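The values are calculated or read from the model by the stated rules, or taken from the named source; none is laboratory data. These numbers were taken from a predicted model, which means no experiment stands behind them. Cβ placement follows ideal geometry from the backbone for every residue including glycine, while neighbour counts extend to all protein chains displayed.
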Amino acid sequence: MATLRAEALSLAYEKTMVIDGLQLAIPTGRITALVGRNGSGKSTLLRALARLLKPQGGAVFLDNVSIFTMSTREVARQLGILPQSPSAPEGVTVRELVAQGRYPHQRWLQRWSKDDEEMVERALVATSMTGLADRPLETLSGGQRQKAWIAMALAQETAFMLLDEPTTFLDIAHQMEVLDLLYDLNAGEGRTVVMVLHDLNQASRYAHHLVALREGCVVAEGTPAEIVTEDLVRRVFGIECRIVVDPVAGTPLCVPVGRHGTVERSDDHAAGLVGMKR
Amino acid sequence: MNRWLVIRLRQPGLSFRLDLRAVAIIAILGLLTAGVMVINIGLGEYPISPPDVIRALLGTGDETQRFVVQTLRVPRTLVAFLVGGGLAVSGTILQGLARNPLAAPEIIGITAGANLAAVMVVVFITSISITILPFAAFAGAIAVAAVIYILAWKQGSTGSRLVLIGIGIGAIAHAVVTLALAEGDIYQVTKALTWMTGSVYGKTWEEFWLLLVWLAIFTPMAFLLSGQLNVLRLGDDVARGLGSRIEWERGLLLLTSVALTAGPVAVAGPIGYPFGFVGLMAPHIAVRLTGSAHSGTLAVAAMAGGLILVLSDLVGRVLFAPVEIPCGAIAAAVGAPYLIYLLYRSRNV
């Protein structure tokens, strides 16, 4: 099984150190979510795992080989990355975009092999985009567009799929659709998914493994049920919250406590609701 | 419906796909171009009817007509086609790399760099063969491209920054040209000024072959790199994620684009400079025709660019006949309003 891990990883933008000496192993075949506040370094870490950012120190290992010593094409055959809000040129159809995912598998004279064609069709089917395949991207809704990009990453046929905030700018219905799709891809094809997510509750519901970051350090990692506590949320996000059981998924659900809109504290959650009616 | 024509061979291992719509558009543009060329060849002080033109082209018919057509008029219109095609491919590459519809060679200073070098050669090195002009123009264009690349692209760049820096560098190059024109020998300056308007007037077979060889090197390179260009159009992060060695591939594409501007400029002058004409418009036309800034655009843009220039040469000749307007002037007259239209239409260039 393919593995992905970071070893003593140090990352910086210009002169500002964002991450210093981080250790991380991505569990193979699972969904891992990176969570944390804005500026906690989660997107930076994801970019480094996908070799988009060169580390100041340490390395990222794909199957025990440092990805910066491999050819970028070789990495691209094993690891796909979907950056945050990517954009395509005007008029590009869904099928054309998805076909771009085959780029690392193509050679000078082999530009469109049988494999290429099959993988593109499979990716369109898996994302249920077949009906929209010949539509230009800009005529689609935000959610459909994001699914087209995911289909492109799928066509890349990689063991690892890295996604930077795949649900940003989507409404709640499309957010669920995209997350369900990623869950299916993981369950059905065993792809390892690593994504940055803003919403801790969605991360708890959809990820097997959570990595909580604060100021470039891993504060906690493990299954959501293990690590999502009121104390962790305080340390990672700097807010007070109550953790209840998600009535739908059974995973931890974080209900933040703000300065306003709070009823009297009651140990019983139901009593709180009664209190609100009063 | 899938409109791709797939071609696969087992021996040798080969596979690619063609956009059927692009193939059809190229065929239509080719026919149109041939038609306009025949009309263009027929026009002049010694008019020849289209059937006679075709006869002369095929080597039959009247001997005088054959001489006028084959020796005097055909090279001119073929040069116009090559110039237009080269500039169009160059513009398509640049606009794709910069991900900005304004990044035409005429606008971001590449043409200005080629122009500067060529004017220097014409004004100050009088005793020189025209064969050196493409190389001088290429050197000038490369120098400008290198400066732009260092200033705008080193740290990863936005298209608009590239365009603005390019316009600035183009202005500097233009200032130096003005200085050279003011200082130079009057006879040479007149020659340079005529050249700077941009024209295919009096082009010979020698110039045609020169340009053809130049384009025969760099156009296939552009087509070979079109897959790389398509990936780079998706943005640096996506391209890198897909396994593109972006610095290297962008460098190669930039070099190709610069060469495809330098050659035409060396032969026909900086056509449409500084407003952008073929290099600006042809890629947009290709996108409109194919409906996509993607597969097939390079070839469609090349055909459209060739047609545009052959057509503007024709228009320049008939508009105030018997006075001829150089196609460069026609280019500027069309290019400037088109640029304003582009700026007006797009809010986020």
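Below is a table of values for the structure above.
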{"read-out": "Count of residues meeting criterion [more than 11 Å from chain B (Cβ to nearest Cβ) and under 15 Å from the mean Cα position of the chain (by Cα)] in region A:125-159", "value": "6"}
{"read-out": "B:Ala112 vs. criteria under 14 Å from B:Ala262 (Cα atoms), in contact (Cβ under 8 Å) with a residue 24 or more places away in the chain and not in a helix (DSSP H, G or I)", "value": "no"}
{"read-out": "Residue within region B:222-236 that is hydrophobic (A, V, I, L, M, F, W, C), crowded, with 21+ Cβ neighbours inside 10 Å and over 26 Å from A:Leu46 (Cα atoms) present", "value": "yes"}
{"read-out": "First in region A:127-139 and farther than 22 Å from A:Gly188 by Cα, second anywhere and charged (D, E, K, R), Cβ under 8 Å, 6 or more apart", "value": "A:Ala133/A:Arg95; A:Asp134/A:Arg95; A:Asp134/B:Arg3; A:Pro136/A:Glu90; A:Leu137/A:Arg145; A:Glu138/A:Glu90"}
{"read-out": "Where B:Arg245 falls short, out of the listed (1) touching a residue at least 12 places away in the same chain (Cβ under 8 Å); (2) farther than 30 Å from B:Val79 by Cα", "value": "(1)"}
{"read-out": "Residues of region B:198-221 satisfying the condition of being more than 14 Å from every other protein chain (Cβ to nearest Cβ), assigned to a helix (DSSP H, G or I) and surrounded by fewer than 19 Cβ atoms within 10 Å (Cβ to Cβ)", "value": "B:Trp205, B:Glu206, B:Trp209, B:Leu212, B:Val213, B:Ala216, B:Ile217"}
{"read-out": "Within region B:41-95, tally of residues that are of a type in the set (Phe, Trp, Tyr) and under 22 Å from B:Ile325 (Cα atoms)", "value": "2"}
{"read-out": "Subset of region A:114-124 [more than 23 Å from A:Ser71 (Cβ to Cβ), more than 9 Å from every other protein chain (Cβ to nearest Cβ) and crowded, with 17+ Cβ neighbours inside 10 Å]", "value": "A:Val120, A:Ala123, A:Leu124"}
{"read-out": "Residues being more than 14 Å from A:Glu96 (Cα to Cα) and at the interface with chain A (Cβ under 8 Å from one of its Cβ atoms) - total across region B:8-23", "value": "5"}
{"read-out": "When residues of region A:42-71 are limited to those that are of a type outside the set (A, V, I, L, M, F, W, C) and more than 21 Å from the chain's Cα centre (by Cα), the one surrounded by the fewest Cβ atoms within 10 Å (Cβ to Cβ)", "value": "A:Asn64"}
{"read-out": "Residue satisfying condition, being within 25 Å of the chain's Cα centre (by Cα) and buried (at least 16 other Cβ atoms within 10 Å of the Cβ), within set B:Ala56, B:Ala22, B:Ala34, B:Ala27", "value": "B:Ala22"}
{"read-out": "Matching residues, region A:160-176, being buried (at least 19 other Cβ atoms within 10 Å of the Cβ) and of a type outside the set (A, V, I, L, M)", "value": "A:Phe160, A:Asp164, A:Glu165, A:Pro166, A:Thr167, A:Gln175"}
{"read-out": "Some residue of region B:37-57 being at pLDDT 85 or above and within 30 Å of B:Arg233 (Cα to Cα)", "value": "no"}
{"read-out": "Matching residues, region A:139-159, being surrounded by fewer than 23 Cβ atoms within 10 Å (Cβ to Cβ), touching a Lys or Arg at 6+ places or on another chain (Cβ under 8 Å) and not β-branched (Val, Ile, Thr)", "value": "A:Glu157, A:Ala159"}
{"read-out": "Any hit, region A:43-52, residues being farther than 24 Å from B:Asp236 by Cβ, out of contact with any Leu (no Cβ under 6 Å at 6 or more places or on another chain) and not in a loop (DSSP other than H, G, I, E, B)", "value": "no"}
{"read-out": "Complete set of residues in region A:7-21 that are surrounded by fewer than 22 Cβ atoms within 10 Å (Cβ to Cβ) and in contact (Cβ under 8 Å) with a residue 12 or more places away in the chain", "value": "A:Glu7, A:Ala8, A:Ser10, A:Ala12, A:Tyr13, A:Met17, A:Val18, A:Asp20, A:Gly21"}
{"read-out": "In region B:39-53, the residues that are under 30 Å from B:Phe218 (Cβ atoms) and surrounded by fewer than 20 Cβ atoms within 10 Å (Cβ to Cβ)", "value": "B:Ile39"}
{"read-out": "Residue that is nearest to the other protein chains (Cβ to nearest Cβ) [pool: residues in region A:160-189 that are in a helix (DSSP H, G or I) and among the polar types (S, T, N, Q)]", "value": "A:Asn186"}
{"read-out": "Residue in region B:103-115 that is more than 29 Å from B:Leu314 (Cα to Cα), surrounded by 15 or more Cβ atoms within 10 Å (Cβ to Cβ) and modelled with pLDDT under 90 present", "value": "no"}
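Residues are listed down the side, and each one gets a yes or a no for (1) at pLDDT below 90; (2) touching a Cys at 6+ places or on another chain (Cβ under 8 Å); (3) in a helix (DSSP H, G or I); (4) within 7 Å of another protein chain (Cβ to nearest Cβ):
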position	(1), (2), (3), (4)
A:Met70	no, no, no, no
A:Glu74	no, no, yes, no
A:Ile81	no, no, no, yes
A:Gly91	yes, no, no, yes
A:Ala99	no, no, yes, no
A:Arg107	yes, no, no, no
A:Trp112	yes, no, no, yes
